[in-house]
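The values are calculated or read from the model by the stated rules, or taken from the named source; none is laboratory data. Source: prediction; values computed, not measured. Because the Cβ atoms are built from the backbone with ideal geometry, glycine has one as well, and the counts that use them run over all protein chains shown.
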Amino acid sequence: MKFNNKELTEIYFGPSDLEGRLQHKRAHKSGIKERWFKLRYNFLFYNNINEMGQMDKLLPSGVIILENYNVHGDVMRDSYFAFSIDFRNEPHKCHILRSRSESYIEHWMEAIKQASYGYWRSRLILLQQILCEKTGEDPLLMYPRNKGIIRDEAWEFKPSFRSHIKSFTLSASTSTIEFVKNEENLIDFI
């Protein structure tokens with residue numbers, strides 16, 4: 001996936017949904033590293049942590065894009081609680097995150113599960129069904145400000161370009177028609 005670095009930097013420096021220290025291991029690598037993670041929207045940024053326990057850089061070391069993924073709680077290993085993130089179309093890319101606190105891991109798992117577009121889309125569909133059952137109308141088919149226009153009609157293509165020539169010819173043709181009507185009325189009058 002390609003991203004604009006400037007946009008990613010702006011997303012990174014915005015307020016986070018969840019932020020904290022976790023131990024990180026990639027499935028294909030053997031080492032476990034302690035990193036600082038920051039969840040914002042469906043981006044899971046991570047920074048390296050130095051020997052002093054502080055983040056090394058201002059910019060993140062990497063980012064995990066949370067789409068088409070599953071989160072699985074793992075059994076406790078070496079007095080750590082862990083969970084893994086694996087991707088549906090890339091099963092070899094798996095990230096294992098762990099910490100000493102079970103509640104901390106559960107909090108991270110819940111936040112990461114709710115970070116994807118798919119999760120919010122399923123919530124929208126569920127709420128749409130509930131509203132449809134209660135009101136008898138599909139709320140997403142109505143124009144956003146409830147003006148009674150069906151969404152498909154509101155989204156019809158309407159050219160937004162207006163030409164001064166077009167408006168001039170319309171006004172000229174209207175005045176000609178009125179002039180013709182006035183002439184016909186004068187002839188009928190005589």
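Summed over the range 120-143, residues that are modelled with pLDDT of 90 or more and surrounded by 14 or more Cβ atoms within 10 Å (Cβ to Cβ) total 0.
Which residue is nearest to Glu67 (Cα to Cα), if the candidates are limited to the range 1-48 and must be part of a helix (DSSP H, G or I) and free of Cβ contacts under 8 Å to residues at least 40 places away in the same chain?
Taking the candidates together, the pick is Ile11.
Here Leu59, Leu66, Leu44 are screened, and the one residue that is farther than 15 Å from His95 by Cβ and within 24 Å of the chain's Cα centre (by Cα) is Leu59.
Here's the yes/no breakdown for (1) closer than 19 Å to Trp108 by Cα; (2) at pLDDT 85 or above:
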position	(1), (2)
Phe3	no, no
Ser16	yes, yes
His24	yes, yes
Ser30	no, no
Trp36	yes, yes
Gln54	no, no
Val63	yes, yes
Tyr69	yes, yes
Asp74	yes, no
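The residue that is nearest to Leu44 (Cα to Cα), counting only those in the range 100-128 that are part of a helix (DSSP H, G or I) and touching a helix residue (DSSP H, G or I) at 6+ places or on another chain (Cβ under 9 Å), is Lys113.
Looking at the range 60-70, can you tell me whether even one residue there is over 24 Å from Glu7 (Cα atoms) and either surrounded by fewer than 14 Cβ atoms within 10 Å (Cβ to Cβ) or without any contact (Cβ under 8 Å) to a residue 60 or more places away in the chain (or both)? Looking for residues that are over 24 Å from Glu7 (Cα atoms) and either surrounded by fewer than 14 Cβ atoms within 10 Å (Cβ to Cβ) or without any contact (Cβ under 8 Å) to a residue 60 or more places away in the chain (or both), one finds at least one in the range 60-70, hence yes.
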